[in-house]
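Down below is the structure, laid out as structure tokens.
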Amino acid sequence: MDKMTTFLPAEWYEQSGVQLTWPHAGTDWKRMLTEVQECFLKIARYIAERENLLIVAPHIEEPRKQLQAAGLEMSRVRFLECPTNDTWARDHGVISLIEEDKTHLLDFMFNGWGLKFPADLDNLIAHETSSSGSLQGKYINKRSFVLEGGSIESDGKGTLLTTQDCLLSPNRNAEMNKEEIEEYLISTFHLKRILWLRHGYLEGDDTDGHIDTLARFCLNDTITYVQCNDKRDEHYEELYLMEQELKTFKTTEGKAYRLLPLPLPSPIYMEGLRLPATYANFLVINGAVLYPTYHQSDNDEKARCVLQEAFPHYDIYGIDCRALIKQHGSLHCVTMQFPKGVLL
């Protein structure tokens, strides 16, 4: 295969750092702030052991004190002070595109997952991180198009995996049809093709089916995906149909993908509503995979074994993310990675 000079890197491409947008009392986390900040501290600790960390917050002194008290290597931590609505860095952070030895920092419109939640402040974070000097790279304004990082998966070789429910939702880019959106993404990210999933669903998901809750690219033409084996579960049919779709997908060389099923966590409820717990919401960093756990020993261990198979030479670390799913997200959703050379 010809070497691409411009490409959207896979998550396992060498990284310089990861962004966390810190939870504070002005967010929906107010009533459980200590609980969620403890989860963020665990994520931050694992990241800072291997690469740099960018903390975005309206007031940086509080997260600085917390990180210092937690014993982080503070020489690895960068801070950016700016107003925020919420904490989902995956969806309001810049998306990095590599062109030869340069990195482009793409800033798309973030509209609160299809106008569901306030996003006026978070929609400015990507521009702020780029213009403040926190990130090294060329800022590219793409704010005429609504796109969240959690809605796309790249294999680093020109293939994008996404869902129709999210990218074709009427409150994102309603003036464009599927063909126009596909053409836009292929042109913007210098892709060879897009694989669209028509099926896949998690109860309690606010994102209209982000791909990072359902199916993920891994090393060596592997896809990990959420599988439901209980026919009585409300997810069974949609996840079964998604599995059948994945079986039809071929690599650019015409071979079937290696498919590794992740267990569906046992139902977790809050105030009578099922929460969108998923093991697909893992984060790949340099030499390690951080994955969410849900205090379900059997399922948590099964997920760890699957991810170890998908990333055989990586360390696999589980982090209790029961706090995060109370706001309908998980570990990958609160992070955004940067390729080498971006977060110095």
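The values are calculated or read from the model by the stated rules, or taken from the named source; none is laboratory data. Quick caveat: nothing in here was measured; it's all calculated off a predicted structure. Note: ideal-geometry Cβ built from the backbone for every residue, glycine included; neighbour counts use all protein chains shown. For accessibility, only protein heavy atoms count, side chains too; no ligands or nucleic acids. Shrake-Rupley method; radii C 1.70, N 1.55, O 1.52, S 1.80 Å.
Listing for the model above:
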read-out: Any hit, segment 294-305, residues being within 23 Å of ILE223 (Cβ to Cβ), under 16 Å from the mean Cα position of the chain (by Cα) and not hydrophobic (A, V, I, L, M, F, W, C); value: no
read-out: Failed item, numbered, when HIS295 is tested on (1) open to solvent by less than 60 Å² (accessible area, probe 1.4 Å); (2) in a loop (DSSP other than H, G, I, E, B); value: (1)
read-out: Filtered residues of segment 261-273 (kept if surrounded by fewer than 21 Cβ atoms within 10 Å (Cβ to Cβ) and closer than 16 Å to GLY200 by Cβ); value: PRO261, PRO263
read-out: Criterion: in contact with an Asp or Glu (Cβ under 9 Å, 6 or more places away or on another chain) and among the aliphatic types (A, V, I, L, M) - qualifying residue of ILE194, ILE181, ILE186; value: ILE194
read-out: Those residues of segment 275-288 which are closer than 23 Å to ILE211 by Cβ and of a type outside the set (Phe, Trp, Tyr), in sequence order; value: LEU275, PRO276, ALA277, THR278, ALA280, ASN281, LEU283, VAL284, ILE285, ASN286, ALA288
read-out: Yes/no for LYS65 being among the basic types (Lys, Arg) and modelled with pLDDT of 95 or more; value: yes
read-out: Matching residues, segment 229-274, being part of a loop (DSSP other than H, G, I, E, B), closer than 18 Å to ASP208 by Cα and touching a Phe, Trp or Tyr at 6+ places or on another chain (Cβ under 7 Å); value: HIS235
read-out: Residue in segment 242-258 that is closer than 25 Å to GLY329 by Cβ, of a type in the set (Asp, Glu) and modelled with pLDDT of 95 or more present; value: yes
read-out: In segment 164-192, the residues that are in contact with a Leu (Cβ under 7 Å, 6 or more places away or on another chain) and under 20 Å from ASP221 (Cβ atoms); value: PHE189, LEU191
